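Novice: Here it is, the structure, as structure tokens.
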């Protein structure tokens, strides 16, 4: 399923919330999201908002659009002592850089690791400089691990900042985001995720018909609501 059915021209935020929620209900049933959590439909809505955030970042920064609609899949989390094991090379079968950002309801809860959402952005290390060039950032050396990790973190920050705005549009309270942490291929300790989360959404993005970026979202969809969107 692509989100083109409810996205406005130019990758804007959803305009017809009623139509969007109809698609959410249909796709939630197809993907059996009732087993994902008691708030399965909301979790899927949050994943669609993440799709919108990524598309908007690239469109607004450079006018870039992806060569196909994002592919969204539900997968199991590989657990490691209440954290998620990381094997980034399974995304591209090549050296992969990834950045992690967690969201919580407050700075205090962020420090207590009481996460609401964990977001992970993955890119092939060799392709990252080209991805940043699309966003009009200065060239980085793909062989310099620190430059690569900082570059991936910069991209993750952009996406996370836009994601906060998309979530607010859906009527959720503002969330606090952590600084990014970036790694190459794996991180032995695993990354922090919402307590009790066992499944995740994986979203793949294509450039010139080739998968070039993967963004994961792990949540139990327990975000506090501020208002009911109209």
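Here, each number is a calculation from the coordinates, and none is a lab measurement. None of these values were measured; they are calculated from a predicted model.
Novice: Give me the Debye-computed log₁₀ of I(q)/I(0) at q = 0.20 Å⁻¹ for the range 64-167, equal point scatterers on Cα only, no solvent, two decimals.
Specialist: The calculated log intensity ratios at q = 0.20 Å⁻¹ are -1.27.
Novice: Here is a follow-up. Sorted from largest down, give the three principal axis spans of the alpha carbons of the range 84-230, whole angstrom values.
Specialist: 44, 35, 26
Novice: Something else about it: Cα convex hull of the range 127-211: mean projected area in nm², to one decimal?
Specialist: With the hull built on Cα positions only, its mean projection is 7.7 nm².
Novice: In percent, how large is the relative contact order of the range 175-230, given Cα pairs closer than 8 Å and 6 or more residues apart?
Specialist: On the way: 35 pairs, mean separation 15.2, N = 56.
Averaging sequence separation for qualifying contacts and normalising by length gives 27 percent for the range 175-230.
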